[in-house]
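Structure, as C-alpha cells:
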Amino acid sequence: LAVALVPVAAASPAAASPVVALKAELQPKKLGASTTVSLGFHVTPGPGGDLPSLSNFALRLPSGMGFAATTLGLATCSTPVLFTEGPDGCPHESVIGFGTAQAQAAFGAQVLHERARVSIFMTRPVDQHTTALFYFDGRTPVIAPLVLQSEVLTPKQSPGSVLTTPIPSIPTAPDGPEITIVAFRASIGPRRLRYFKRVHHRLVAYRPEGIGIPTVCPRGGFVFAGEFRFQDGSHAAAKSRVPCPT
Amino acid sequence: MPNLRACLITAAHARWRRSLGAVCAAAFLVLAAPVATQASFGLKSLDFSVDSAPSLGAEPGAVGPPEVQAAARPYQVTVTFSFNQTADSEGSTQPDEDPKDIQIGLPSGFIGSLVDIPQCPRVSLESSSLFEQKCPADAQVGTLAFDTMLAGVPIKITVPIFNLEHPPGVVGELGAFANMPVFIGVGVRTGGDYGVTVSMRNLPQVAPVFAESLSLWGVPADERHDSLRGECLGFEGVSGGDCPSDASRKPFLTLPGACGKPLQVSIRMDSWQQPGEFVERTAVREDLEGKALGLSGCGRLAFDPAIETKLASPTADTGSAIAAHLHIPQNENPDELAGADVRRAVVTLPPGVSINPAAAGWLGSCRPEEAALDSSARPSCPPSSGIGSVEIVSPLLEGPLQGQIYLAAPGDNPFKSVFAVYLAAERDGVLVKLAGRIDADPDTGQLTLVFDDMPELSFSDLVLNFDGGPRSPLATPPRCGTFTTTTRLTPYSTSSAATPSSSFAVDRGCGGGFSPSFQGGAASTLAGAGTALTLRLSRADGEETFRSFSVAFPPGLAPLLGGVALCAEAQAAAGSCDPASRIGSIAIAAGAGPNPFYFVGSVFLTGPYGGAPFGLSMTIPGVAGPFDLGVVVVRARVFVDPGDAHLTIVTDSLPRILQGIPLRVRDVHLVVDRPGLFVTPTNCDSRWVSGVALSEAGSTASLSSPAPLTGCSELPFSPRIYASTNARVTRTGGAALKLVIRNPPGEQANIHAISIEFPRRLSPRLSAIQAACAEGAFASEPASCPPASVVGEATVSTPVLGTPLRGPAYLVSRGRDALPQLVLVLRAQGVVLRVPGSLRISDAGSIAATFGSIPDTPISRFALRLPRGPHSVLGAGFLSGIRGSFCERKLTMHAQILAQNGLRVRRSLRVSATGCARKQSSPK
C-alpha cells in the first residue's frame, strides 16, 4: 500500500495559519475494483500561532471516484436518532464507514484532549445531494457526542466528488474555549461493514459495494485534495496522492 | 411687804454695791412667786417693727419711720410682745404663767452678723447687777425691756443686751442682766428657711412679766444709740447723757434682699408651768393703716457674682478634682446697702466634663431621710456617698462653713432625678443643707448643677470641691483645649440673672489618637479541643473612644451551634433572652482613670440579625453603684464566611452614653465560655485573629492577635468513603453517582480536601459543561444561574449547626482559564458556604474533581449526589444505544482525602451499583 502525504501550507497570508496534513488510502487498491477510501487529516498550529477552530473541511475525491455506483447506505439515519439513541439506533445498512477523531479545547494550561470514535451514516439527501453523517462518539475524558453533516457535491469545475463538511461551533462552558477538531480519519467503504438482506425469510449478511476505483490510473496516481477553513478566517489546503497500482 | 421698787430705785441711783442688790433680788424673787390662778398661757400681743434712724435731734430712744429698703441696715428692730394675763384673787392682774423659753424667729433673709462686734465675757454678765452692768458698752447691741410688777406697782425695766463671748459651736450669744442673767442664743433655722432665730432659755422667774420688748440695733456702734448705751441706760430707761462706742461701725443687722413679701416674725414659747408645751404666734410688720409692710428698692441692690472653676490636674480624659468657686461680693459698709443674695444658681460645667463612671465602683448614695433636709439634724449620709467637700463663707460667721457633697439617691431625691447632690456644711451651730439637681445632657453628658430656692442666707463664697484621684466622680474633657463653665445666677432681688463664666485649660495628656490593644482567640492552644473564646479590646486614657469593632476569627475556630437555642429577635432586641441561649459574658470597663468601672453582662446567641445568619445580644445591666441605668443591649452580627467558614463578629455601636453619663469605654472583654461551644482548629498553620476598631471620632485601627495552635499532628484521621451509582443508565438521562464520606466524631483532624477521579466509564458530559453557569452570574447570585447548571446536591452534617448544610452543586464556568468548577452552595440556618471543587484532567486522562478548601470544621458526613436526569453531569461512556446498566460492569474510582493536619488517606473505591437484581445462587 503506497501512501503519499503532501502537506500544503495555508494560503492565508497570516503567518500563524495552521498547517494541515492530508492522508488518503485505498483498500484494496486495484483499478476498477470496489474499495474503501480512507481519508485523514491532522491540523497543527502555524509557527507561533494558536490553533483556531476548524469550521469546514472539504475533501475532494479523484476524478472518476464517487458514490454513484456504490450500494453503501441503503438505509438512512438521522441526527436526532444519533443523539438520542446512538449508533445502535441506526439501521446497519445506513452505516457507510468508520473512523476516529481527535479534538481539543484549551482551558488555560490544561488542554482537554478528546478522542472519539467516528461512525459514518448515510442520511437523507439534502438538496438532492448525497449526504452523510459523521457521528463522533467522544467518551474520554468527557462524553461528547457530535454529529457533522457532510454533503457529497460534484461541482462542474471539479474533476471528482467533494465531501463538504461544515463544522459548527462546538462550545464548552460559557465564555470557555471552543472545541476544535485537530485530527480526523474516516474510512468509507465496505471494509468492516456488514449489511443484511432477507433471503428466503432469513437474514443474510453481506458486504456492500464500495467506491469504485477508475479503471485507468492518471499519471502520478490518484490525487485527493482537501480544503480547510477556520473560524478565524484562515484556511489551508492539502493534497494526498495515492500512487497508481503497480 | 418691803418696798422693793424703792429698794431698787435707791440702789440704782446710789450705785449700790452688789450685796445690796442681792438683797433686793432676794425680795424680788420672793415676791415673784406666782399667786394668780392659771389661765391660758400665750401671747396677748405681738408687734414687730423695723425702723429707720430717727432724725437728728430726736428724743433719746426715738426711732425713725419704718425701714422699707431691702438689704438696708435698719436702725433698730424691735419685737414686742405681751403675755396673757388673769386677775388674781385679790383683783390684780398676773401673767397666766411664767415664760420659760422664748424663741423669736426673725424674718427669713434677715441677717444678724456678730462678726467684728465687740464681745462681753460671759462672766462679766453673770457678775452684773441691775445697777452695775459689767459688760463693756461697746458690746451692747440692743435693749431688753420688760413690764413687771413690783410690790403691786407696774414697772418697766430696760436693760442692755450685749454680744457675749460665746463658746465654740454656736453662732453667737447675746445676754442681758435683768436681776438675773438672761442668755439669748442666736441660731439659724436649719431645715427651714435658714432665718435667724434668737432664743431665750430658762428665763428667770424673778417677777411676773407682762410684756417684753427686744430691740436690736442695726449698727450697734452707731452714735444714735449712744443715749441708750452703757451707763446712759438706767433700768427704768434713759438716764441721760451720751455713751459713745469705741467700736467701729459694723453692721449687725441687715434686712432681706427680697422685695414684696411682708416681714414676718414668729414667737414660740413655753412656760415653767408647762415646759415643752410650746405656743406659737406670728406677726407681720404693718404700716400705720395695719397693712403688711414689706421691703422695696430691690433694684438698688448690687449683684456682681463671679465664678471660678479649676482643675486639680489639667490632664485630658482622667479623673480630676474640680473646684467651682462662686463668689458673691458683700458690702460691709454699714451706710450702704448689702448686696443681693443668690436665689437660684445654675452652673453648667464645660462640655467634656462629665460624670465619671469609674467612680461607680465605690460610690454610694444618700437617701432623703439620711439627708434630713427638712430637719435640723445632721445628715447621716453614708460616707460612700460623699463625692466632695463644700465650703461656704457667710458674714454670719467668722469662719467658713465646711462640709460634704453627697450624692443623692437616684430617683429618690427631692427632684426625682437620676442625679442630685446634697450639700451639708456646718460651723458654730449653723448647719446648712441644700439639695441640688444635676442635669446631664443625654447626648453630650454635659453637666448642669441647679440649686433652686437657695436659702436667703447671705454668703460671699460657695466652693464646691469635687473629689479627685482614682475615685473622682468627674472626668476631665477627653481632649485638650480651653473649657468654659457658664452660670446663670438669679438673685432674690430681681429676676434678672447674672451670667459670669470661667475657663480653664486642659493641656496635658492630649495624646488623642486611636491605637487600642487587642487580644483575642481561643483560650486553648490545643488543636481540635473544646475551648472558650475571648476578645479583649482596650484603650488608654486620652485615646479616642470606641464606637464599634469587627473581629474575624481564623478559619477552623468553629462554634458548635447545634446545641444552642437561638434567642428570638424580639427578646434579643429587648435584652430578655432565655438562659438557654446564653453563650458567654461581656465586661465593659467604663470611665476615666486607672480604675474603670466594669459593667458585666451576658452574651446570647441569636438568630439572623442585620443580614448575618446569627447575631449576638450582649445584655448588660446598667447598674453602676447606686445608679440603675437600665439594661443596655449591644447587638452584633455574626457572619460565617462562605468560603472557609471563618466567623466574623461585627458589633453595632457600643453604648456611648447612658442617661447622660458618657461611658468612655476603656475595655471590652468578651468571653464565650459555654462548655463545648467552640472547638479549636485542627490546622496548626500560623493564623491570626484580626479586625478593625472604629472610634467615635471616625478613626480606624487594625486589630491583630496571634492564634497559636499546637498538637495538630497528633490528631488521627480515619475517614471512610463510599461511592455508588444507579445501575440504570441512559443516553439522555446520563448516570448517577453518590459519594459519601464519614469522619468519625471525636478528636479527629478535620477534612481539608477531597479529591475524586471519576471512573472512565462515568465521565462528565459535554452538554452539562456547556450548560455551566457563567462565572460572573454565579459570583453575583447563584440562584440566577440556569437550572441546567445545577448538576447535583450536597449535604454536610456538622455539629457546628443544628441542621445539616444542604444545597445544590453548580457547574460553574471559569471561562478560558480553567475547567469549570463544581461548586457546592450549602445553606443551613442562614449560613451559606460555597465549597468549590475544581475539575482537572487526571494523569490517566479522566476528569477529577478536587474540593480543596473545605472549611476546618468538624464534618461527620459529607454526601455529594450527582443524579441522573436531563442535566446529569455524568454519562456512561460505554453506551452506544439508548440505555444500559452498570450491573455487570466493574466501576472503580480513586479518592484522596487530605486532613487539615496534613494526613492523607487514599482509597481505590469500588463503585457499587444500586438497583441491580440480586444474583441467584445456583442450586447445588
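Descriptive notes on the structure:
- Taking the range B:838-878 as the range and being more than 11 Å from B:PHE758 (Cα to Cα) and free of Cβ contacts under 8 Å to residues at least 60 places away in the same chain as the test, the residues that pass are B:SER838, B:ASP843.
- Failed criterion for A:ALA106 (all others in (1) away from chain B (no Cβ under 14 Å); (2) of a type in the set (A, V, I, L, M); (3) more than 17 Å from the chain's Cα centre (by Cα); (4) assigned to a strand (DSSP E or B) hold): (1)
- Checklist (1) at pLDDT 90 or above; (2) not in a loop (DSSP other than H, G, I, E, B) applied to B:GLY630, failing item: (1)
- So B:PRO379, is it over 26 Å from B:GLY187 (Cβ atoms) and in a loop (DSSP other than H, G, I, E, B): no
- Unmet criterion (only one of (1) surrounded by 16 or more Cβ atoms within 10 Å (Cβ to Cβ); (2) of a type in the set (Ser, Thr, Tyr); (3) within 14 Å of chain B (Cβ to nearest Cβ)) for A:SER38: (3)
- Screening B:PRO414, B:PRO395 for residues that are over 24 Å from the mean Cα position of the chain (by Cα) and closer than 30 Å to B:VAL186 by Cα leaves exactly one candidate, B:PRO395.
- Residues of the range B:509-520 satisfying the condition of being at pLDDT 90 or above and not polar (S, T, N, Q): B:PHE514, B:PRO516, B:PHE518, B:GLY520
- Criterion (buried (at least 23 other Cβ atoms within 10 Å of the Cβ) and either over 38 Å from the mean Cα position of the chain (by Cα) or over 19 Å from B:LEU616 (Cβ atoms) (or both)) met by exactly one of B:GLY530, B:GLY521, B:GLY512, B:GLY556: B:GLY556
- Test for B:LEU694: is it at negative phi, assigned to a strand (DSSP E or B) and either touching a strand residue (DSSP E or B) at 6+ places or on another chain (Cβ under 6 Å) or of a type in the set (Gly, Ala, Ser) (or both): yes
- The listed residue being modelled with pLDDT of 95 or more and closer than 24 Å to B:PHE604 by Cβ, out of B:ALA693, B:ALA701: B:ALA693
- Only one of B:ASP335, B:ASP317, B:ASP287, B:ASP304 that is under 30 Å from B:GLY593 (Cα atoms) and charged (D, E, K, R): B:ASP317
- Only listed residue being open to solvent by 30 Å² or more (accessible area, probe 1.4 Å) and farther than 16 Å from B:GLY257 by Cβ, chosen from B:SER296, B:SER320, B:SER313: B:SER313
- Cross-chain or 6+ apart pairs with Cβ under 7 Å, the range B:95-121 first and among the polar types (S, T, N, Q), then part of a strand (DSSP E or B) and open to solvent by 10 Å² or more (accessible area, probe 1.4 Å): B:GLN103/B:THR197; B:GLN103/B:SER199; B:GLN103/B:ARG268
- Enumeration of residues in the range B:652-690 that are at pLDDT 90 or above, open to solvent by 10 Å² or more (accessible area, probe 1.4 Å) and hydroxyl-bearing (Ser, Thr, Tyr): B:SER653, B:SER690
- Members of the range A:67-90 found to be open to solvent by 50 Å² or more (accessible area, probe 1.4 Å) and more than 13 Å from chain B (Cβ to nearest Cβ), listed by number: A:ALA68, A:ALA69, A:LEU74, A:THR76
- Residue-level check: of (1) at pLDDT 85 or above; (2) open to solvent by 10 Å² or more (accessible area, probe 1.4 Å); (3) of a type in the set (A, V, I, L, M, F, W, C), B:MET149 misses just (1).
- Considering the conditions (1) crowded, with 19+ Cβ neighbours inside 10 Å; (2) modelled with pLDDT under 95; (3) assigned to a strand (DSSP E or B); (4) within 14 Å of chain B (Cβ to nearest Cβ), A:PHE98 is excluded by exactly one of them, (2).
The rows are residues; the columns are (1) open to solvent by 30 Å² or more (accessible area, probe 1.4 Å); (2) more than 12 Å from the chain's Cα centre (by Cα); (3) among the charged types (D, E, K, R).
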position: B:ASP628; (1), (2), (3): yes, no, yes
position: B:VAL631; (1), (2), (3): yes, yes, no
position: B:VAL638; (1), (2), (3): no, yes, no
position: B:ASP644; (1), (2), (3): yes, yes, yes
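- Residue match in the range B:719-727 (condition: open to solvent by 10 Å² or more (accessible area, probe 1.4 Å), more than 14 Å from chain A (Cβ to nearest Cβ) and without any contact (Cβ under 8 Å) to a residue 40 or more places away in the chain): yes
- Per the conditions (1) among the acidic types (Asp, Glu); (2) open to solvent by 20 Å² or more (accessible area, probe 1.4 Å); (3) within 20 Å of B:ALA145 (Cα to Cα); (4) part of a loop (DSSP other than H, G, I, E, B), the sole criterion not satisfied by B:ASP47 is (4).
- Residues in the range B:732-773 that are in a loop (DSSP other than H, G, I, E, B), within 8 Å of chain A (Cβ to nearest Cβ) and crowded, with 23+ Cβ neighbours inside 10 Å: B:ALA772 only.
- Note on the range B:867-876: among residues that are at negative phi and surrounded by fewer than 23 Cβ atoms within 10 Å (Cβ to Cβ), the one that is farthest from the other protein chains (Cβ to nearest Cβ) is B:PRO867.
- Taking the criterion of being in contact with a strand residue (DSSP E or B) (Cβ under 7 Å, 6 or more places away or on another chain) and more than 14 Å from chain A (Cβ to nearest Cβ), the only residue of the range B:774-784 that qualifies is B:PRO782.
- Candidates in the range B:562-586 are the residues that are hydrophobic (A, V, I, L, M, F, W, C) and in contact with a Lys or Arg (Cβ under 9 Å, 6 or more places away or on another chain); of these, the one that is nearest to B:VAL603 (Cα to Cα) is B:ILE583.
- Among the residues of the range B:533-551, those that are buried (at least 19 other Cβ atoms within 10 Å of the Cβ) and out of contact with any Leu (no Cβ under 9 Å at 6 or more places or on another chain) comprise B:ARG539, B:ASP541, B:GLY542, B:GLU543, B:GLU544.
- Those strands (runs of 3 or more DSSP E) lying entirely in the range B:55-141 with at least 1 residues more than 27 Å from B:GLY185 (Cβ to Cβ): B:85-87, B:93-95
The values are calculated or read from the model by the stated rules, or taken from the named source; none is laboratory data. Quantities reported herein were computed from a predicted structural model and do not represent experimental measurements. With ideal geometry, Cβ positions are generated from the backbone for all residues, glycine too; neighbour counts draw on all protein chains shown. These area figures cover heavy atoms from the full protein model, side chains too; ligands, DNA and RNA do not enter into them. Shrake-Rupley method; radii C 1.70, N 1.55, O 1.52, S 1.80 Å.
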